[in-house]
Amino acid sequence: MPSIRKIGVGTVLISEQAKKNVMEALNANRLSYGPFLNRFENKFAELHNRKFAISCNSGTSALQIALGALKEIHFWKDGDEVIVPAITFIATSNIVLQNGLKPVFVDVDPATYNIDSSKIEAKITKKTKAIIPVHLFGLSAEMEPIMKLARRRNLKIIEDSCETMFVNYKGKPVGSRGDISCFSTYAAHLIVTGVGGLALTNNPKYAVVMKSMMNHGRDSIYLNIDADDKLKNEKEVFKMADRRFSFIRMGYSFRLTELEGALGVAELQTRQTNLRKRLSNAEYLIKNLSKYFQYIQLPDWPNYSEHAFMMFPIVIKSKKINRSRFITFLEKNGIETRYMMPLLNQPYYKKIFGNLEDKYPVAKWINRNGFYIGCHQNLNKDDLDYIVSIFDKFFSNESKK
């Protein structure tokens, strides 16, 4: 019996250059922060018009230290509020709770699935301190009105860009506008280091505090072993030795290894080719699935915004189509699916917040009807044709019922 073709939602391909970089790091006997991580941070920051990049072990960790740094530096109190979208990966909201703050949810745009910028101001109170717009699925949130609102209301912005990188919104890189922007390099993301994340900023004070928090709250005089190489005299040697094991704030063990840095440097070299292939795949799927427009909503984006297509989101818009039956058919035919980042209906969130969905009708609609499939660079034309053929079979079967 022939095996079923497998179409995953993401991909990992370790290039020869990546393997070479990893071996170079191993041969140098270097696993802690070293030259590869330094190169990775600097290049990633440069590509997003940022001065500083702090690498850590996940995009979630990057968000955690970003919000923690802002809370410390600006003297926010427990219970102060942070605005987050009602559709996002749960980590965006979890890190607000974990920092002792309160998430305030805002419904999303029904076309882009990102936070609806027109609905944010109504949720601002005297306790609001920040907004975390999320650039979901590879597409930027509407940052221009969000930034204008933040400046007018004196709010900080953390861009959750874990699913979007190397693309532009109104001529500027996504992740270049907020006070801090956070990215993920977890498996199946746009670039992959296995685990990993980065927090980017132009503010040197934010950078120092985030780097300290990432490394157990360590005194910023000593954040990696290369700091020893910069000492000029005995006074500096003692100062370093005296403070090397000094911890000045609550911190975390969020460090990344040199091996992830070696993978990241190689991944950056293929980013443009990979993004072009993702966009080409998405355009092919949109063209060949648009005949089912009365049943499903396909990705759409404004002409002033580029799309990285970390995945290919679909929302069922016809009551004639049952989502469970649809995704079961896809899965049985080897096409992997995921729900579209449901948040408010998660069991734990229902436990602590109650039933919120009715207050956020667009999010509720997406939670009931949305899912996504893969769109990554390792899909070839045969894979894409196979996806279209399975959709054709499903809708053909449905028309007979």
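The values are calculated or read from the model by the stated rules, or taken from the named source; none is laboratory data. Since this is a predicted model, take the numbers as computed values, not measurements. Every residue, glycine among them, receives a Cβ derived from its backbone with ideal geometry; neighbour counts consider all protein chains shown.
Suppose we filter I321, I314 for residues that are out of contact with any His (no Cβ under 7 Å at 6 or more places or on another chain), without any contact (Cβ under 8 Å) to a residue 60 or more places away in the chain and either under 25 Å from D109 (Cβ atoms) or assigned by TED's automatic domain parsing to the domain that holds G68 (or both); which single one remains? Give the steps one after another, and end with the answer.
On the way: I321 fails: without any contact (Cβ under 8 Å) to a residue 60 or more places away in the chain.
Among I321, I314, only I314 is out of contact with any His (no Cβ under 7 Å at 6 or more places or on another chain), without any contact (Cβ under 8 Å) to a residue 60 or more places away in the chain and either under 25 Å from D109 (Cβ atoms) or assigned by TED's automatic domain parsing to the domain that holds G68 (or both).
Answer yes or no: is there a residue in region 243-254 that is surrounded by 19 or more Cβ atoms within 10 Å (Cβ to Cβ), not aromatic (F, W, Y) and not in a loop (DSSP other than H, G, I, E, B). No; the residues of region 243-254 include none that is surrounded by 19 or more Cβ atoms within 10 Å (Cβ to Cβ), not aromatic (F, W, Y) and not in a loop (DSSP other than H, G, I, E, B). Exactly one condition in (1) at pLDDT 95 or above; (2) at negative phi is not met by A187; state its number. Tallying (1) at pLDDT 95 or above; (2) at negative phi, A187 fails exactly one: (1).
Each row is one residue, and each column tells you yes or no for (1) in contact with a helix residue (DSSP H, G or I) (Cβ under 8 Å, 6 or more places away or on another chain); (2) under 30 Å from G10 (Cα atoms); (3) at pLDDT 95 or above; (4) in a helix (DSSP H, G or I).
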{"residue": "M210", "(1), (2), (3), (4)": "yes, yes, yes, yes"}
{"residue": "F238", "(1), (2), (3), (4)": "no, no, no, yes"}
{"residue": "E267", "(1), (2), (3), (4)": "yes, yes, yes, yes"}
{"residue": "S280", "(1), (2), (3), (4)": "no, yes, yes, yes"}
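Any chance region 114-128 includes a residue that's among the hydrophobic types (A, V, I, L, M, F, W, C) and in contact (Cβ under 8 Å) with a residue 60 or more places away in the chain? Reasoning before the result, please.
Step one: of region 114-128, the residues among the hydrophobic types (A, V, I, L, M, F, W, C) are 115, 120, 122, 124.
Add one more test, that the residue is in contact (Cβ under 8 Å) with a residue 60 or more places away in the chain, and what stays is none.
Scanning region 114-128, I find no residue that is among the hydrophobic types (A, V, I, L, M, F, W, C) and in contact (Cβ under 8 Å) with a residue 60 or more places away in the chain, so the answer is no.
Among the residues of region 175-185, just one is farther than 17 Å from T92 by Cα and of a type outside the set (D, E, K, R), namely S176.
Using the structure shown, decide if I90 is under 13 Å from the mean Cα position of the chain (by Cα), surrounded by fewer than 17 Cβ atoms within 10 Å (Cβ to Cβ) and modelled with pLDDT of 95 or more. Walk me through it before giving the result.
Values: under 13 Å from the mean Cα position of the chain (by Cα): yes; surrounded by fewer than 17 Cβ atoms within 10 Å (Cβ to Cβ): yes; modelled with pLDDT of 95 or more: yes.
Yes; evaluated as a whole, the condition is true for this residue.
When V167, V195 are checked against the criterion of being over 19 Å from I65 (Cβ atoms) and either buried (at least 24 other Cβ atoms within 10 Å of the Cβ) or in the same structural domain as G59 (by TED's automatic domain parsing) (or both), a single residue qualifies: V167.
Just checking, which of L285, L275, L298 is touching a helix residue (DSSP H, G or I) at 6+ places or on another chain (Cβ under 6 Å) and closer than 18 Å to L139 by Cβ? Can you show your working first?
Values: L285 fails: touching a helix residue (DSSP H, G or I) at 6+ places or on another chain (Cβ under 6 Å); L275 fails: touching a helix residue (DSSP H, G or I) at 6+ places or on another chain (Cβ under 6 Å).
Being touching a helix residue (DSSP H, G or I) at 6+ places or on another chain (Cβ under 6 Å) and closer than 18 Å to L139 by Cβ holds for just one of L285, L275, L298, which is L298.
Only one of the listed residues (K102, K172, K129, K156) is among the charged types (D, E, K, R), over 22 Å from M340 (Cβ atoms) and touching a Phe, Trp or Tyr at 6+ places or on another chain (Cβ under 7 Å). That residue is K129. Scanning region 1-54 for residues that are in a loop (DSSP other than H, G, I, E, B) and β-branched (V, I, T) returns I4, V9, T11, V12, I14.
If you go through region 366-401 one residue at a time, how many are within 23 Å of the chain's Cα centre (by Cα) and surrounded by fewer than 18 Cβ atoms within 10 Å (Cβ to Cβ)? Break it down stepwise before answering.
Taking region 366-401 first, the residues within 23 Å of the chain's Cα centre (by Cα) are 366-379.
After this cut, where a residue has to be surrounded by fewer than 18 Cβ atoms within 10 Å (Cβ to Cβ) as well, the list is 368, 378.
Adding up the residues that qualify gives 2.
Residues in region 87-111 that are in a helix (DSSP H, G or I) and in contact with an Asp or Glu (Cβ under 8 Å, 6 or more places away or on another chain): T92 only.
Within region 172-188, can one find any residue that is more than 30 Å from Q272 (Cα to Cα), touching a helix residue (DSSP H, G or I) at 6+ places or on another chain (Cβ under 7 Å) and without any contact (Cβ under 8 Å) to a residue 40 or more places away in the chain?
Pass one, region 172-188, residues more than 30 Å from Q272 (Cα to Cα): none.
Within region 172-188, none of the residues are more than 30 Å from Q272 (Cα to Cα), touching a helix residue (DSSP H, G or I) at 6+ places or on another chain (Cβ under 7 Å) and without any contact (Cβ under 8 Å) to a residue 40 or more places away in the chain.
Filtered by the rule that a residue be assigned to a helix (DSSP H, G or I), of a type in the set (A, V, I, L, M, F, W, C) and touching a strand residue (DSSP E or B) at 6+ places or on another chain (Cβ under 9 Å), region 56-84 gives A62, L63, I65, A66, L67, A69, L70. In region 335-347 there is no residue matching the filter, namely being of a type in the set (S, T, N, Q) and either in a helix (DSSP H, G or I) or over 25 Å from the mean Cα position of the chain (by Cα) (or both). With the requirement that a residue be in a helix (DSSP H, G or I) and buried (at least 20 other Cβ atoms within 10 Å of the Cβ), what does region 112-122 give you? Hit for region 112-122 is S117, nothing else.
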